[in-house]
Amino acid sequence: MSVSTNEFQRGIVLEISGEPWQILEFHFVNPGKGSAFTRVNLKNLKTGKVVEKTFKSGESFEEVELEYKHGMFLYKDRRNAVFTAGESKERISFPLEKLSWELNFLKDNTEIDIMYLAEEPYGIKLPAKVELKVAEAPPAVKGNTATGGKKTVILETGYSVNAPIFVSQDDVLIVNTQTGEYSGKAGA
Amino acid sequence: MKQNRFLRIQQQRAKIIDAIRQFFKRKGFLEVSTPMFVKLPGMEPYLNPLPYSFADEKNKRYKGYVITSPEYSLKKLLSLGFPKLFEITKVFRQNESFGGAHNPEFTLIEWYRPHSDYRRIMKDTEELVSGLATMLYGKPAITYCGTKINLTPPWLKISVKQAFKKYAGINLDQAKTLTQFKALFRKNKYPIPHQATWDDLFYYVFLNFIEPNFPKDKPVIIYDYPLPQAALTKRKSKDSFYAERFEAYIAGIEICNAFSELTDWKEQYKRLKEECSLRKKLGKNLYGVDMDFIDALKSGMPETGGIALGIERLEMLLLNIKDINDLLALPAKELWKK
């Protein structure tokens, strides 16, 4: 399937010059005196090398089809994050630095998908939204609505997110794992 | 806590804008105010002005655009013989992202020096930016995203031609046409973007090979752009492929765009008509050349150096803020994408 820069998403894998590259981050650049461009941080899934490339917006790429096995996050130690994969509950571990973004949203027993490229596990796919408990929330400052009524709270995984001022400690929030942004309060 | 930080940012922005005004007033510039709503906006082929309409007291409707830059209006004043002047105004552009270094509305300062050129404007820019850092931090230096940046003038300067040669191995003298440029791409094994225009090839090289290689610990002024990238700019010499335009980059962020202004009305008219046909080719909204602007040039505008500088980007750098949404009081993203 072909994807254009307008359809880019964090985590998808593109084929560029015959190699599989995963999108880590992307943003829009417009020099104003030429077409718009999209700047992407890409990770080569074979070598682990990370590069920055800038494409003309609207340009299309072939998406690499991946295999997925259902799995679960078990725990992390100082070096690795450990998962089970598939019905056989095979254990798979990845070095922490490989999952620096994903670990913001993983608590024990979170269900995820393990991604395979040519039979080799190389990463995980998070659910689009996860529920995480608020570990720390500063009290709201009364009457301050100029920020759109936002404050920064810390979630149980240690990840900080901007949330509405009514959010308090122990609330469970729904977080979008693509953008890392607050998307609602669970059970609300 | 977050609220206090937010208020502090707005207080610092107020201090910065005051200091910018004082900087130009002290140098004897006249502050002017020109319309944001115009019939015919800038012709820049790759900008997308926002259409706007309103009615008079008889309910007759007027259609136009909000400005992408006050440039035409300011040049009309300069053609009347105005002295050196500046304007701080909101400008509007669409089809850009809500966040990062973009917001659909943002603040530009433009300043113009009659009987001068882009070299003097480079000096103004260096003095302004290093002076603002000194006001905030006691010395002409900032820290942006963990990198210390020394803003002491004079800044590093490199011509576009040198930069293409040094960082991308491309001799722009041999890339004057799209066909020639494509041939150089093939020779260097660079992928040619889909439906590439000359400008696309230019920016493909600039964004992939040049800008990422700029030094991170100091600003860079990149100057003398090839003609297709310089529609409102005076040529270096009569037949030169280069024109007297510069941009300044700090920490990879483009903060301004400046020219020795094109004052020859015939050449200006010709270039605007070319841009108009490029807009047509690119499928952009179409409008005519602002003939009042051409007439103003015809009446005689002195040789002038001028510049547009993005205030929010400068504030982001000075206040160490990575995303414009963390700087603005009410970013478009909050208003429209809730």
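Placing +1 on each Lys and Arg Cβ and -1 on each Asp and Glu Cβ, with no other charges, gives region A:2-63 a dipole about its Cα centre of roughly 280 debye. Sorted ascending by nearby beta carbons within 10 Å, beginning with the fewest, A:VAL13, B:VAL38, A:VAL50 become A:VAL50, B:VAL38, A:VAL13.
Proximity of backbone amide H atoms, modeled 1.01 Å from N, is registered between A:GLY58 and A:THR5, A:ASN6 at under 5 Å, excluding neighbours fewer than 5 places apart on the same chain. Taking amide H as placed 1.01 Å from N in the peptide plane, B:LEU50 has its amide H under 5 Å from the amide H of B:VAL66, B:GLN94, each at least 5 places away in sequence or on another chain.
Hey, got a sec? Which GluC sites (Glu not before Pro) in region A:94-138 land in a DSSP loop and have at most 15 other Cβ atoms within 10 Å? Taking region A:94-138 and a limit of 15 other Cβ atoms within 10 Å, the loop GluC sites (Glu not before Pro) found are A:GLU119. Placing +1 on each Lys and Arg Cβ and -1 on each Asp and Glu Cβ, with no other charges, gives chain B a dipole about its Cα centre of roughly 440 debye.
Modelled spin-label separation between A:VAL82 and A:ALA118, with each label point placed 7 Å from Cα along the Cα-to-Cβ direction: 3.0 nm. Considering only B:PHE206, B:LEU232, B:SER33, the residue lying farthest towards the positive end of the dipole of chain B is B:PHE206, judged by Cα position with unit charges set on Cβ. Rounded to the nearest whole Hz, the Karplus-based 3J(HN,Hα) values (6.51 cos²θ - 1.76 cosθ + 1.60, θ = phi - 60°) of region B:188-196 follow the sequence 8, 6, 8, x, 8, x, 4, 6, 6, with x at glycine and proline.
Compactness check for chain B: Cα Rg over 2.2 N^0.38 Å is 1.01.
The chymotrypsin sites (Phe, Trp or Tyr not before Pro) of region B:171-234 include none that DSSP puts in a loop with a beta carbon having at most 14 other beta carbons within 10 Å.
Remark: region A:119-128, residue by residue, has Karplus-estimated 3J(HN,Hα) of 6, 9, x, 9, x, 10, 10, 7, x, 4 Hz, where x stands for each Gly or Pro and the curve is 6.51 cos²θ - 1.76 cosθ + 1.60 at θ = phi - 60°. The smallest convex shape that holds all Cα atoms of the protein assembly as shown, its convex hull, gives 187 Å³ per residue. In a simple Cβ point-charge model (Lys, Arg +1; Asp, Glu -1; nothing else charged), the protein assembly as shown has a dipole of about 1520 debye relative to its Cα centre. Only helices enter this figure: runs of n ≥ 4 DSSP H residues, each worth -39500 (n - 2.57), summed and divided by the residues of chain B, yield -11000 deg cm²/dmol at 222 nm to the nearest 500.
Our summary gives chain B a relative contact order of 22 percent, counting only alpha carbon pairs under 8 angstrom and 6 or more residues apart.
Both radii are taken from the alpha-carbon atoms of chain A; with Rh as the Kirkwood radius, Rg/Rh is 1.02.
With all pairs of separate Cα atoms included, region B:84-159 yields a Kirkwood hydrodynamic radius of 14.9 Å. Summarising the label geometry, the points placed 7 Å from Cα in the beta-carbon direction at B:ARG21 and A:LYS125 lie 5.5 nm from one another.
For region A:67-125, what is the Kirkwood estimate of the hydrodynamic radius, computed as the reciprocal of the mean inverse distance between distinct Cα atoms, to one decimal in Å?
The Cα-based Kirkwood calculation yields 11.2 Å.
How large is log10 I(q)/I(0) at q = 0.12, 0.14, 0.20 Å⁻¹ when the Debye formula is applied to the Cα atoms of region A:39-91, each weighted equally and without solvent? Values, matching the q order: -0.51, -0.66, -0.93. The value obtained for region B:117-174, namely the Cα convex hull volume divided by the number of residues, is 96 Å³ per residue.
Sites listed here are chymotrypsin sites (Phe, Trp or Tyr not before Pro) in region B:262-298 whose DSSP assignment is loop and whose Cβ has at most 12 other Cβ atoms within 10 Å, and the list is empty. Most fluctuating residue of A:SER100, A:SER88, A:SER160 in a GNM of chain A with Cα springs under 10 Å: which is it? Highest fluctuation among the options: A:SER88. Highest GNM mean-square fluctuation among B:TYR249, B:TYR167, B:TYR225, for chain B modelled with Cα contacts below 10 Å: B:TYR167. Modelled label positions at B:ASN150 and B:LYS280, each set 7 Å beyond Cα in the direction of Cβ, lie 5.3 nm from each other. When chain B is modelled as a GNM with alpha-carbon springs shorter than 10 Å, which of B:ALA251, B:ALA308, B:ALA196 fluctuates the most? Result: B:ALA196 has the largest fluctuation of those listed.
A short reminder: the numbers here are calculations on the coordinates, not readings from a lab. These numbers were taken from a predicted model, which means no experiment stands behind them. Positions of Cβ are generated from backbone atoms using ideal geometry, with glycine treated the same way; all protein chains shown enter the neighbour counts.
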